[in-house]
Amino acid sequence: MPDKPDYYDVLGVPRDADAAAVKKAFRKLAREHHPDVNPGDPQAAERFKQLGEAYAVLGDAEKRSYYDRYGHAPENGLGAGDFNADMFGDLAGVFQSFFNFGGMGGFGQQPQRRGPRPGDSLVLGIQISLEEVVSGVEQEISYRRQTTCPECFGVGAAEGSSPERCTVCEGHGQVRQQRRTIFGLTTVVTACPECAGEGQVIRRPCPRCQGQGRIQDAIERTVKIPPGVEDGMRVKVPGGGDAGVQGGPDGDLYLQVRIRPHSVFAREGMDIHCEQRITFAQAALGDTITVPGLVEDQKLVIPAGTQTGTTFRIGAAGLPSARSNYGRGDQYVTVTVVTPTNLTADQKELLFRFAHACGEQDLEPEEKGFFERLLDALKRK
């Protein structure tokens with residue numbers, strides 16, 4: 001670990017320099033090496049910290065006495081642990097009072113007078129149907145938001161008056177307060193308690209908004225939900241939030257979209273799924289059937305010999321994408337073969353004859369086909 005520099009050498013003062021000379025040297029060097037004054041010098045912050053560390057010791061009579069006797073020896077209590085982040089927090093006030101710097105190159109910040117500020121953004125829930133996801137939808141909504149006061153136009157002052165400059169902070173929005181630190185009394189900059197940092201006060205507030213410049217208002221408007229939105233997606237309505245303060249921009253409105261559950265379809269991304277019941281004759285012989293679609297009914301060809309649980313795909317009959325022009329997803333139809341009930345005697349006889357003609361009575365139990373399962377069901381009736 002490299003040796004620490006001599007604190008007297010850091011400040012450039014002799015060992016018999018009095019407190020005033022130490023303070024003067026510290027002030028001069030700190031001004032020269034402040035990081036804000038040397039933005040292109042990466043070593044400025046380190047030199048600045050070193051100056052502060054030296055002054056933290058030599059500027060305090062008791063610590064200086066220990067340093068003169070023991071130097072940088074760890075047992076003297078003047079090691080790096082003695083000059084810590086809290087001291088740098090105090091140094092922010094010292095440098096502010098010495099030089100009127102805005103900060104310490106990242107070590108401290110002073111409050112700033114508040115000016116125009118954007119309004120808050122709002123979130124509103126909205127529900128749409130799965131059919132409306134296909135082509136998008138325009139919907140009327142109602143909600144409450146902060147709007148600019150129509151009587152004072154956002155100024156906050158009553159008619160015939162205007163905001164006045166705060167006499168406590170002289171319009172700066174900040175006041176300086178003294179506090180005792182390791183350096184003695186230092187100056188700390190805080191927001192003005194009289195004007196809350198605004199730099200101005202309203203003696204005669206607007207009766208409509210009570211000096212706030214904004215009022216709560218009920219809003220009705222039409223919003224457009226684009227095609228392909230997903231459940232939980234947020235749609236941004238620019239400028240639909242609270243009005244800005246002191247001329248600041250309005251906030252935004254975000255519509256939290258919820259898709260209502262559908263009685264027929266289940267969604268999976270851009271695809272939709274549904275189930276369709278068919279007769280055993282359609283399954284065995286094949287058929288062309290009509291199945292429901294989101295926009296219009298769809299034709300579906302059932303091949304002969306279709307088994308229950310078979311899934312068919314209808315291309316481009318699903319949902320569009322909200323994020324790209326990919327096109328539309330697909331519709332998947334899973335068929336269920338329905339076992340007939342309440343058969344007449346003639347119908348049962350025909351089915352028995354058909355099953356025997358197919359030879360299904362010779363199948364092993366684990367290999368039973370549809371018609372043998374149908375026969376078993378009929379025998380139990």
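The values are calculated or read from the model by the stated rules, or taken from the named source; none is laboratory data. Just so it is clear, the structure is predicted and the values come from calculations on it, not from any experiment. Ideal geometry is used to build each Cβ from the backbone, glycine not excepted, and the neighbour counts take in all protein chains shown.
Scanning the stretch 245-287 for residues that are of a type in the set (D, E, K, R) and crowded, with 18+ Cβ neighbours inside 10 Å yields Asp250, Asp252, Arg267.
The conditions of being modelled with pLDDT of 50 or more and farther than 19 Å from Val188 by Cα are met by Arg47.
Every residue, every condition in (1) at pLDDT below 95; (2) over 30 Å from Leu58 (Cβ atoms); (3) not in a loop (DSSP other than H, G, I, E, B), yes or no:
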| position | (1), (2), (3) |
| --- | --- |
| Gln177 | yes, no, yes |
| Arg180 | yes, no, yes |
| Glu194 | yes, yes, no |
| Pro207 | no, yes, no |
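Residues being over 39 Å from the mean Cα position of the chain (by Cα) and within 28 Å of Ile128 (Cα to Cα) are entirely absent from the stretch 336-356.
As a summary of the residue check, Gln110 satisfies the conditions (1) crowded, with 18+ Cβ neighbours inside 10 Å; (2) modelled with pLDDT under 60 except for the one numbered (1).
Could you tell me how many of the residues in the stretch 115-146 are of a type outside the set (S, T, N, Q) and assigned to a loop (DSSP other than H, G, I, E, B)? Let's see the steps before the verdict.
Taking the stretch 115-146 first, the residues of a type outside the set (S, T, N, Q) are 115-120, 122-126, 128, 130-134, 136-138, 140-141, 143-145.
Among the residues that remain, those that are also assigned to a loop (DSSP other than H, G, I, E, B) are: 115-116, 118-120, 136.
Of the residues in the stretch 115-146, 6 are of a type outside the set (S, T, N, Q) and assigned to a loop (DSSP other than H, G, I, E, B).
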